[in-house]
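Heads up: the structure comes next, in structure tokens.
The values are calculated or read from the model by the stated rules, or taken from the named source; none is laboratory data. These numbers come from a predicted model, not from an experiment.
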Amino acid sequence: HSDSHTRDWIECMRSRKQPICPPEVGHRTATVCNMAIIAEQLGESLSWDPAKEEFDVKAANKLRTYKYRGGWG
């Protein structure tokens, strides 16, 4: 149990213990949420290739990231 995944993550970096939510699980969870948002924005069903982490629709792939400001990347 953790009241704060952020606090747990920071404590695990210090202690080298495994976090309550493994990074791979967190990544896939965030991916599913982002996929739903992108499908809603485009108003269509999409297919996702988990190995390539790409959609079958070019417009959807453009929404996977955004242009960073001032030298951040």
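A few points about this structure:
Residues checked against (1) of a type in the set (Lys, Arg); (2) over 16 Å from the mean Cα position of the chain (by Cα); (3) modelled with pLDDT of 90 or more:
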position	(1), (2), (3)
Ser2	no, yes, no
Cys12	no, yes, yes
Gln41	no, yes, yes
Tyr66	no, no, no
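- Within the range 42-53, the residues that satisfy the criterion of being of a type outside the set (A, V, I, L, M, F, W, C) and over 12 Å from Arg64 (Cα atoms) are Gly43, Glu44, Ser45, Ser47, Asp49, Pro50, Lys52.
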